[in-house]
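Since the structure comes first, as structure tokens, the remarks are kept for the end.
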Amino acid sequence: MENIIETLNAAGQQELAARLESLSGDARKNLERDILSQDWEELKALYAEKSSASLEDNVSSNLKPMPFKIAVDDLRYDFWKETGEILLGKGQVAAFLVAGGQGSRLGFDGPKGMFDIGLPSHKSLFQLQAERLLNLSARVEHPIPWCIMTSPLNHEATVNFFTEHNFFGYARENIRFFEQGTICALDPEGKAVVDDNGRLALVPDGNGGCFRALSQSGTLAWLVEKGVQYVFLYSVDNALCRICDPAFIGALAAEGRSLSASKVVHKAGAQEKVGIFALQNNKPGVVEYSDLPENYRDMTNPDGSLTFDGGNIAIHLFKIAGLRKLQTSRLPWHTARKTVCGIEKCWKFEQFLFDAFPLLGTMMPFGVLREEEFSPVKNAEGNDSPKTAREMIGRLHREWLRKAHVAIDPKKLYEISPTISYAGEGLKQSVFDREIGRNILEFDEE
Ligand code: UTP
């Protein structure tokens, strides 16, 4: 106890120390547990650094574009795909879902993965992901370990949802749930914020907390023990994500040099609000939309195309050696000033996973087509919403059928269950005739 008080006092948190000393019973135990989960020296240093600096996280004026090519146009694509399937078949690949976010823009009360985007099947995002993984693991004849990072705010609800749905057919021993860390919000004077229940205002430490959480939860060791070499990391809300895409895995294996790879799309236009891949001081990294100076944002090549054109869609692949390196690296903290527990302009800190790339020093970009692989569900309406995701799935699956020479109604949209096709393979007229109304569902454009 004395130690805690000393630590708090040394960190400038005398009020919190006094509050703790005034408590007894469960209230004291709970607050003590919250306090022990935090690194107070780090919080003190963070407040000192951030409150004395400009809020803008520094973007180097020395940015260079990071060139990338659309992979499917490359003659080696089929070779990469086969290589990836072999690696998957040897059990060397795992999926890593970061699902600890609060999904505040969508406004859904629950973990985002439970959300039904309104497809005719009414499958949740979690179910779509599980079925894609199951399809792929059946094809390569090896289970794919699935790591799911939650936060203390949604862990129980996530695990309950999976349990109620019998893990969507996934073998329980191949899934591992674990929680990311939290960090205490500070008031404008740098004091820890305490909520109405007398608990610390702890918020998830950002998706960049995934590297620490993977290691501290023992999940990295679990993967190493299984012989995993490649970890496919993705966000919960991309309705089109080709989880553990074999071509992506094979391409990184064939390239040999880099510790990580990222999928990249051409930006839809200068104003599109996505982070871009760029070389900063000759190291690969992502610059957030809001941090990209206008002269870079609008810069064009002689042919009129955008110079900084590589959009980040949050699909990454890490070699185990890269993850090992990151478990001890310190990612930078980003800050936001938000109202917390009714106190305006509090300091909230978070880490971003894309800050891993400059630390690793190498990253292989892998260009993909957005209409095939990127449809994030961020907002309740408008751009990047459930409606845009349904439509993109409907159009893509119609295209798969068209390419397979299936007679379809070109005005309709189609939903093909991932249990029968992972990325358009295995479709033909007889399959369509058998599955329509079952695993292939027709719906109307809205
Ligand atoms: P976003 O940055 O879109 O955040 O997360 P969000 O929490 O889902 O949504 P908003 O901003 O509140 O509307 C991108 C991915 O990172 C995960 C999310 O779950 C999502 O898969 N994430 C985000 C975490 O795992 N932990 C975090 O602390 C934040």
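What the table shows:
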| read-out | value |
| --- | --- |
| Computed over the range 214-311: relative contact order in percent, which uses C-alpha pairs under 8 Å that are six or more apart | 21 percent |
| Simple label model, 7 Å out from Cα along Cβ direction - Lys273 to Glu32, nm | 4.5 nm |
| FRET efficiency estimate (nearest 0.05) - Cβ-Cβ, Glu381 to Glu156, R0 25 angstrom | 0.30 |
| Using alpha-carbon coordinates, inclination of helix 25-36 to the longest axis of the chain, degrees | 70 degrees |
| Which of Ser305, Ser52, Ser121 has the fewest Cβ neighbours within 10 Å, and the rest in rising order | Ser52, Ser305, Ser121 |
| Most mobile listed residue (Phe354, Phe248, Phe167) in the chain, GNM with C-alpha springs under 10 Å | Phe167 |
| Environment charge of Gly342, counting only residues whose C-beta is closer than 11 Å and scoring Lys/Arg +1, Asp/Glu -1 | -4 |
| Residues Asp109 and Asp444, FRET efficiency given R0 of 30 Å [Cβ-Cβ distance, rounded to 0.05] | 0.60 |
| Normalised per residue, the volume of the convex hull around the Cα set of the chain (Å³) | 162 Å³ |
| Normalised contact order of the chain, rounded percent, pairs of Cα under 8 Å and 6 or more residues apart | 20 percent |
| The chain: most fluctuating residue of Gly25, Gly311, Gly12 per GNM, C-alpha cutoff 10 Å | Gly25 |
| The chain - mean residue ellipticity at 222 nm from DSSP helices (-39,500 (n - 2.57) per run, n ≥ 4, rounded to 500) | -10000 deg cm²/dmol |
| Likely footprinting exposure, His397, His165, fewest C-beta neighbours within 10 Å first | His165, His397 |
| Chain lengthening between Asn197 and Asn9 when straightened (0.36 nm per residue, less Cα-Cα) | 65.4 nm |
| Length gained when the stretch Arg434-Lys64 is fully extended (0.36 nm per residue, less Cα-Cα span) | 128.0 nm |
| The chain: most fluctuating residue of Leu331, Leu128, Leu401 per GNM, C-alpha cutoff 10 Å | Leu401 |
| FRET efficiency, Ser290 to Ser329 (Cβ-Cβ, R0 30 Å, nearest 0.05) | 0.80 |
| Residue-span extension gain [Glu49 to Ala138] - 0.36 nm each, minus C-alpha spacing | 27.0 nm |
| Cα-Cα over 27 Å, subset of Lys64/Lys90; Lys29/Lys50; Lys81/Lys428; Lys81/Lys273; Lys29/Lys191; Lys69/Lys112 | Lys64/Lys90; Lys29/Lys50; Lys81/Lys273; Lys69/Lys112 |
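Throughout, read-outs are computed from the coordinates displayed, never taken from laboratory work. Here the structure is a predicted model, which is why all the values come from computation and not from measurement. Counting neighbours? That spans all protein chains shown, and the Cβs are built from the backbone with ideal geometry, glycine included.
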